[in-house]
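The values are calculated or read from the model by the stated rules, or taken from the named source; none is laboratory data. Fair warning: this is a prediction, and the values are worked out from it, not measured in the lab. Neighbour counts are summed over all protein chains in view; Cβ atoms, including those assigned to glycine, are modelled from backbone coordinates with ideal geometry.
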Amino acid sequence: MEIERFVDDCVKANRESDPQGAVTEVLARAVAEPNAVLAALGEPDRAGLKVLLSSPELTIFAAIWAPQMNLMPHNHLMWASIGIYSGREDNIFWKRSDDRIRACGAAALFEKDVAKLGGDALHSVTNPLRRFTGGIHIYGGDFFHTERSQWDPETLAEEPSDGERIRAIFERENERLGLR
C-alpha cells in the first residue's frame, strides 16, 4: 500500500456520483490486505490519530484505539466509512429521544471489515481487546472544522464536540499504558 496513492484514489472516488460508495470501495480494497496497511502505516503502538488528508471535501486518518479504550457518543454530521486493518472496533449506535439519547444498535468491526455510516449517525466506540486496534476513517467533509456534538458518557448530556478533550482522552490512554 502506498499512502499517497491511496489518498489520491479516495479523492478521485469522492468525485463520483456516489462518493461514499466509491470511497468505501477504495477503503475495502486497502483493508483487505492488512499486512500491506501495517507496512505503510506501522504497527499500532500508541493511541491517537494519524491524519493522511484534511480538506474541506474529505478527511482521512488512521485511528489507533488503545487496549480497552472507550470514546463517548458523538456525531460526525457527514458520512463516514471505517475500515479495520488490525484488531477490533465495537460501535454502539444511538438515537435521539425526548430527553436524551438511547442505544439503538451495535456493530463489531473486525480486521478487514468496512462500515458505512450516514451523515446522521451517532455512535460511541470501544476497543474491547487487550491490544491496539487500527482503523482507517474517512469522512465526506472537513471533520476537524465542523461543529459537532458529543455526549457525556455518564449523563448522556449533549455538549459541543471538543477536540482538546478528545486529544486528552487519547493521551490519558497512552499514560495509562505507560507510554509518554
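Could you list, in sequence order, the residues of the stretch 94-116 that are in contact with a Pro (Cβ under 9 Å, 6 or more places away or on another chain), part of a strand (DSSP E or B) and closer than 26 Å to residue 18 by Cα?
Residues satisfying the conditions are 94, 108.
Among the residues of the stretch 1-56, which ones are under 22 Å from residue 142 (Cβ atoms), within 17 Å of the chain's Cα centre (by Cα) and part of a loop (DSSP other than H, G, I, E, B)?
55
Would you say residue 12 is of a type in the set (Lys, Arg) and under 30 Å from residue 172 (Cβ atoms)?
In short, no.
Name the residues in the stretch 59-86 that are surrounded by fewer than 22 Cβ atoms within 10 Å (Cβ to Cβ) and part of a loop (DSSP other than H, G, I, E, B), would you?
Selection gives 67, 68, 77, 78, 79.
Go through the residues of the stretch 91-108 one by one and say whether even a single one is buried (at least 16 other Cβ atoms within 10 Å of the Cβ) and either in contact with a helix residue (DSSP H, G or I) (Cβ under 6 Å, 6 or more places away or on another chain) or of a type in the set (Gly, Ala, Ser) (or both).
Checked against the condition, which is being buried (at least 16 other Cβ atoms within 10 Å of the Cβ) and either in contact with a helix residue (DSSP H, G or I) (Cβ under 6 Å, 6 or more places away or on another chain) or of a type in the set (Gly, Ala, Ser) (or both), the stretch 91-108 yields no hits at all.
Of the conditions (1) in contact (Cβ under 8 Å) with a residue 60 or more places away in the chain; (2) part of a loop (DSSP other than H, G, I, E, B); (3) among the small types (Gly, Ala, Ser), residue 135 fails just one. Which one is it?
Going through the list (1) in contact (Cβ under 8 Å) with a residue 60 or more places away in the chain; (2) part of a loop (DSSP other than H, G, I, E, B); (3) among the small types (Gly, Ala, Ser), residue 135 breaks only (2).
Consider the stretch 26-58. How many of its residues are surrounded by fewer than 17 Cβ atoms within 10 Å (Cβ to Cβ) and under 16 Å from residue 113 (Cα atoms)?
Summing the residues that are surrounded by fewer than 17 Cβ atoms within 10 Å (Cβ to Cβ) and under 16 Å from residue 113 (Cα atoms) in the stretch 26-58 gives 7.
Which of the residues belonging to the stretch 117-143 are within 16 Å of residue 58 (Cα to Cα) and either at pLDDT below 95 or surrounded by 15 or more Cβ atoms within 10 Å (Cβ to Cβ) (or both)?
Hits for the stretch 117-143 are 117, 136, 137, 138, 139, 140, 141, 143.
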